[in-house]
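A short worksheet on the structure shown next.
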Amino acid sequence: MRACDMSTNPLSHLLATLDFAWSQAPDVTPALTNIQWRAGDCDAGSILFFQRFDDDLSDAEIYRRYFADSAFAVLVTNRPLTCFDQLTGKGIHVTRPGDWASVVGRFCDLVYPLKTSGLTFIGVTGTNGKTTTVKYLESMLSAQGRRVLSIGTLGVFLDGQPLLETGFTSPPQIELRRLLSAWQDQCDIVAMEISSHALDQGRTHGIPLQNAGWTNFTQDHLDYHHDEAAYFAAKSRILDLIQDGGTLYCTSPAVVSRLREEASQRVPVQLLEPAILDAEALAAKPFLALEHNRQNYALAVALANGVLGPGAREDWRYLRPVDGRFECLVGAHHTLVIDFAHTPDALETILTAIRQGFPNTRVITLFGCGGDRDRGKRPLMGAAVARHSDHVILTSDNPRTEEPEQIIADILTGMPPTGHEVVVERHAAVARLFDWLAERPANEPWVALIAGKGHERYIDRNGCKTPYSDQDEVERNLRRLGWR
């Protein structure tokens, strides 16, 4: 590796000027050329930024999985690791407590500069509804001639057209800055979903939000945050990103009350009521018949007003159904709904909406629960589904490294002993759902909710994502039964 003059290499110079808690100089000063957050993307000129979390991985496993075969020249971490002595010849730097996001941000400013003064940033957080709210906002602003870059669970979009998938609700800090730097000249507005993980890890550090939205708050992600208080505190950090003069809009009275009690009053918090829409709007956009979608719509309108100014617009005219969010199809005399609902509250909300919207039908629900995540929500999901369904099919949903049968057993602890069946393989479960419907009397209408996967086109099991789509399985079975 050739030597490098730190005074002429910007990355080396920045490393030398920062105040780290601990550092180890490399055997040979490297020629630093890039920053990375994935170990597999590193070369001999890379600085690898590795953020250590409180998880089940040992430092030895981290070394084997990420460092042993990576070609990085310098490692920057947020805490000391016991495997440092195996990184012979590497430069190593450990940030001071609380400095991680700002240190990474300094390097992002150097490599991926962002013209924040020329863009308007809007963020949306919440347990459920982030994707729908951002997509509604994107549609409204695009219809008014604004160039919108949206970033979220469905990927990165420019003016509603897909650019790429990131695999994250909120991409890691370096990846987010790379995307923003690459597309900043093609957009006026950046509308972002901001997850609790992103807020806790500082992924959105330095992003100046004009305004923000908070949809709701219910149990989720306790495998990461450990308890509800830490989860709420992480969500609350969105207030720190809102610029002076901005507002946090929220559709949850409970969240607003709690924020006013616990959070700083620097940023005003405004409670919004669900939008009131006339019969024309509901006929044209039936997904707005659901109360939670009218809440998402109200939130999107408030955020759009921050850009466009308030006015007598009919923003609902520009909305489109969101992939995997209350997607409706009709087969024979039955209604089929595909939705991403994968938390107790989301299942409670969508099943309540189905009961209200289809008062004279029966309901069958197919769902599962993801592995390697908060186990405490599994019986709560089972209880929510059992309360509102006439029949339930339990199946697999991204078991990851857990056995699907064990996940299903955990769900069943929250359900009564009857009224359900288990079909572990999801494609077979969807086929069973259709067969169940085909066996019902012709004058007995049903709504079938297929929950949990939504927009996802894979099953994640044992480190492998196998192609799978609820949409494709529904179409296949509609054709099989001649219901199309």
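The values are calculated or read from the model by the stated rules, or taken from the named source; none is laboratory data. Owing to the predicted nature of the structure, the values given are computational and were not obtained by experimental measurement. Cβ sites come from the backbone with ideal geometry, for glycine too, and all protein chains shown count toward neighbours. Calculation scope for accessible area: heavy atoms of the full protein, side chains included, ligands and nucleic acids excluded. Shrake-Rupley method; radii C 1.70, N 1.55, O 1.52, S 1.80 Å.
Given the conditions (1) open to solvent by 30 Å² or more (accessible area, probe 1.4 Å); (2) within 30 Å of CYS328 (Cα to Cα); (3) of a type in the set (Gly, Ala, Ser); (4) in a loop (DSSP other than H, G, I, E, B), which single one is not true for GLY245?
GLY245 satisfies every listed condition except (2).
Is it the case that VAL430 is farther than 24 Å from ASP374 by Cβ and of a type in the set (A, V, I, L, M, F, W, C)? So that I can check it myself, show each step before the final result.
Working: farther than 24 Å from ASP374 by Cβ: yes; of a type in the set (A, V, I, L, M, F, W, C): yes.
So VAL430 passes the test.
Given the residues ALA60, ALA101, ALA44, which is the only one that is in a loop (DSSP other than H, G, I, E, B) and surrounded by fewer than 21 Cβ atoms within 10 Å (Cβ to Cβ)?
Unique residue meeting the criteria: ALA44.
Can you tell me how many residues within the range 327-342 are under 21 Å from the mean Cα position of the chain (by Cα) and either outside any strand (DSSP E or B) or of a type in the set (Gly, Ala, Ser) (or both)?
3
Would you call VAL301 of a type in the set (A, V, I, L, M), under 27 Å from LEU209 (Cα atoms) and touching a residue at least 24 places away in the same chain (Cβ under 8 Å)? Walk me through it before giving the result.
Numbers: of a type in the set (A, V, I, L, M): yes; under 27 Å from LEU209 (Cα atoms): yes; touching a residue at least 24 places away in the same chain (Cβ under 8 Å): yes.
The answer is yes for VAL301.
Could you check the range 63-86 and list, in sequence order, the residues that are of a type outside the set (D, E, K, R), free of Cβ contacts under 8 Å to residues at least 40 places away in the same chain and over 12 Å from TRP22 (Cβ atoms)?
Across the range 63-86, the qualifying residues are TYR63, TYR66, PHE67, ALA68, SER70, ALA71, PHE72, THR82, CYS83, GLN86.
Take the conditions among the aliphatic types (A, V, I, L, M) and touching a helix residue (DSSP H, G or I) at 6+ places or on another chain (Cβ under 9 Å) and apply them to ALA212. Does it pass?
Details: among the aliphatic types (A, V, I, L, M): yes; touching a helix residue (DSSP H, G or I) at 6+ places or on another chain (Cβ under 9 Å): yes.
Here the answer is yes, as ALA212 does meet what is asked.
This table checks each residue for (1) under 13 Å from the mean Cα position of the chain (by Cα); (2) farther than 21 Å from LYS115 by Cβ; (3) open to solvent by less than 30 Å² (accessible area, probe 1.4 Å).
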site	(1), (2), (3)
ILE151	yes, no, yes
VAL156	yes, no, yes
GLY167	yes, yes, no
PRO171	yes, no, yes
ARG178	no, no, no
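Every residue in the range 63-84 that is in a helix (DSSP H, G or I) and either open to solvent by less than 10 Å² (accessible area, probe 1.4 Å) or hydroxyl-bearing (Ser, Thr, Tyr) (or both), please. Steps first, please.
Pass one, the range 63-84, residues in a helix (DSSP H, G or I): 63-67, 84.
Result: TYR63, TYR66, PHE67.
Of the residues VAL422, VAL430, VAL474, which is modelled with pLDDT of 95 or more, over 18 Å from PRO344 (Cα atoms) and either touching a Cys at 6+ places or on another chain (Cβ under 7 Å) or open to solvent by 10 Å² or more (accessible area, probe 1.4 Å) (or both)? Quick ask: steps written out before the conclusion?
Values: VAL430 fails: either touching a Cys at 6+ places or on another chain (Cβ under 7 Å) or open to solvent by 10 Å² or more (accessible area, probe 1.4 Å) (or both); VAL474 fails: either touching a Cys at 6+ places or on another chain (Cβ under 7 Å) or open to solvent by 10 Å² or more (accessible area, probe 1.4 Å) (or both).
None of the others qualify; the one that does is VAL422.
Within the range 181-194, can one find any residue that is open to solvent by 10 Å² or more (accessible area, probe 1.4 Å) and at pLDDT below 95? Walk me through how you get there before you give the answer.
To start, the set of residues in the range 181-194 that are open to solvent by 10 Å² or more (accessible area, probe 1.4 Å) comprises 181-186, 188.
Filter once more, keeping what is at pLDDT below 95: none.
Checked the range 181-194: no residue is open to solvent by 10 Å² or more (accessible area, probe 1.4 Å) and at pLDDT below 95.
Find the strands (runs of 3 or more DSSP E) located wholly in the range 133-237 whose residues include 1 or more that are farther than 22 Å from GLN51 by Cβ and small (Gly, Ala, Ser), and list them.
Details: elements: 148-152, 155-158, 161-164, 189-193, 209-214.
Ranges flagged: 148-152, 155-158, 189-193, 209-214.
All but one of (1) under 20 Å from ALA429 (Cβ atoms); (2) β-branched (Val, Ile, Thr); (3) open to solvent by 10 Å² or more (accessible area, probe 1.4 Å) hold for THR395, so report the exception by its number.
With (1) under 20 Å from ALA429 (Cβ atoms); (2) β-branched (Val, Ile, Thr); (3) open to solvent by 10 Å² or more (accessible area, probe 1.4 Å) applied to THR395, the lone miss is (3).
Pick from GLY126, GLY118, GLY91: which is surrounded by fewer than 20 Cβ atoms within 10 Å (Cβ to Cβ), touching a residue at least 12 places away in the same chain (Cβ under 8 Å) and among the small types (Gly, Ala, Ser)? If you could, list the steps in order and put the result at the bottom.
Numbers: GLY126 fails: surrounded by fewer than 20 Cβ atoms within 10 Å (Cβ to Cβ); GLY91 fails: surrounded by fewer than 20 Cβ atoms within 10 Å (Cβ to Cβ).
Residue meeting the stated conditions: GLY118.
So ARG373 ticks every box in (1) under 30 Å from LEU57 (Cα atoms); (2) open to solvent by 50 Å² or more (accessible area, probe 1.4 Å); (3) in contact (Cβ under 8 Å) with a residue 24 or more places away in the chain; (4) assigned to a helix (DSSP H, G or I) but one. Which box is left unticked?
The number of the failed condition is (4).
Report yes if some residue within the range 271-278 is of a type in the set (D, E, K, R), more than 20 Å from PHE121 (Cβ to Cβ) and assigned to a helix (DSSP H, G or I); otherwise report no. I'd like the intermediate steps shown before the answer.
Applying the first criterion (of a type in the set (D, E, K, R)) to the range 271-278 yields 273, 278.
Remaining after also requiring more than 20 Å from PHE121 (Cβ to Cβ): 273, 278.
Next cut, assigned to a helix (DSSP H, G or I) only: none.
No, the range 271-278 contains no residue that is of a type in the set (D, E, K, R), more than 20 Å from PHE121 (Cβ to Cβ) and assigned to a helix (DSSP H, G or I).
Quick one: in the range 460-475, which of the residues that are touching a residue at least 24 places away in the same chain (Cβ under 8 Å) and not polar (S, T, N, Q) is farthest from GLY368 (Cα to Cα)? Write out each step before concluding.
Narrowing the range 460-475 to residues touching a residue at least 24 places away in the same chain (Cβ under 8 Å): 460-463, 468, 470-471, 473-474.
With not polar (S, T, N, Q) added as a condition, the list becomes 460-461, 463, 468, 470, 473-474.
Values: ASP460: 13, ARG461: 14, GLY463: 18, TYR468: 15, ASP470: 13, GLU473: 16, VAL474: 17 Å.
The residue in question is GLY463.
For the condition at pLDDT below 95, under 21 Å from the mean Cα position of the chain (by Cα), acidic (Asp, Glu) and not in a loop (DSSP other than H, G, I, E, B), what is the one hit in ASP323, ASP345? Before you say what the answer is, go through the steps one by one.
Numbers: ASP323 fails: not in a loop (DSSP other than H, G, I, E, B).
Every option except ASP345 fails the conditions.
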